[in-house]
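Here, each number is a calculation from the coordinates, and none is a lab measurement. For clarity, every value in this text was computed on a predicted model and none was experimentally measured. Note that each Cβ is placed from the backbone with ideal geometry, even for glycine, and that neighbours are counted across all protein chains shown.
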Number of protein chains: 2
Amino acid sequence: MSEFAVTPKPPYYAVIFASTMTGDDGDGYGQMADRMVALAQEQDGYLGVDSAREDIGITVSYWRDEVAIKAWKQQVDHVEAREQGRAKWYGSYSLRIAKVERAYTWEV
Amino acid sequence: MSEFAVTPKPPYYAVIFASTMTGDDGDGYGQMADRMVALAQEQDGYLGVDSAREDIGITVSYWRDEVAIKAWKQQVDHVEAREQGRAKWYGSYSLRIAKVERAYTWEV
């Protein structure tokens, strides 16, 4: 099950981020995205992340509580990355904050 | 913003489904996945879906309430598809039920 985020028992929080890109993934986007994942992992209350990109990108990050999400939202490098994202890479995005109430896993 | 699920104001529910495949996507998986999306759209309380597959697949479907999610879980063709999925296609999956409390969108 290590391909996925391994999270504790609910309740905890999910940040569901869906995005489209304006053009290709070049111009430093991949590096920035990797740096943000590494930075998120250092935050207090970070629980994990699942991510995939096809026609749209979906990144779901998991957090202990809303305090942790707010701290991550205000983290300085993350604020700067977000501004760059809007200026250079993203065509559009949607962001949802959701409280995970139940969770299941299954494997062969 | 039509690339994404367009959902009403929160609160509503998200079903966050992450999966790995045992092999390639062949053997009818794509057709089955498309059929399940079409079927979900007919369900009472269905609000939308966002989906992407890369190393893992992530599908987030949105629902009016837990009653709608439960009805979809028990829908006969969906039950059968799930059983086929476990028998033939999925290596592992995680499923989370979460209450969306806040949502934002942004576009250029």
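Some points to look at:
Yes/no matrix, rows are residues, columns are (1) within 14 Å of chain A (Cβ to nearest Cβ); (2) at positive phi; (3) crowded, with 18+ Cβ neighbours inside 10 Å:
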site	(1), (2), (3)
B:28	no, yes, no
B:35	no, no, no
B:54	yes, no, no
B:63	yes, no, yes
B:73	yes, no, no
B:89	yes, no, yes
B:94	yes, no, yes
B:102	yes, no, no
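- Residue match in segment A:40-49 (condition: under 24 Å from residue B:101 (Cα atoms) and exposed (fewer than 13 other Cβ atoms within 10 Å of the Cβ)): yes
- When each of A:17, A:4 is tested for being facing chain B (nearest Cβ under 7 Å), aromatic (Phe, Trp, Tyr) and under 24 Å from residue B:57 (Cβ atoms), the lone residue that passes is A:4.
- The sole residue among A:96, A:102, A:86 that is under 15 Å from residue B:58 (Cβ atoms), of a type in the set (D, E, K, R) and touching a strand residue (DSSP E or B) at 6+ places or on another chain (Cβ under 8 Å) is A:96.
- Only residues that are charged (D, E, K, R) and more than 9 Å from chain A (Cβ to nearest Cβ) were counted in segment B:37-52, giving 2.
- Looking at B:44, B:50, just one residue is closer than 18 Å to residue B:4 by Cα and out of contact with any Cys (no Cβ under 7 Å at 6 or more places or on another chain), and that residue is B:50.
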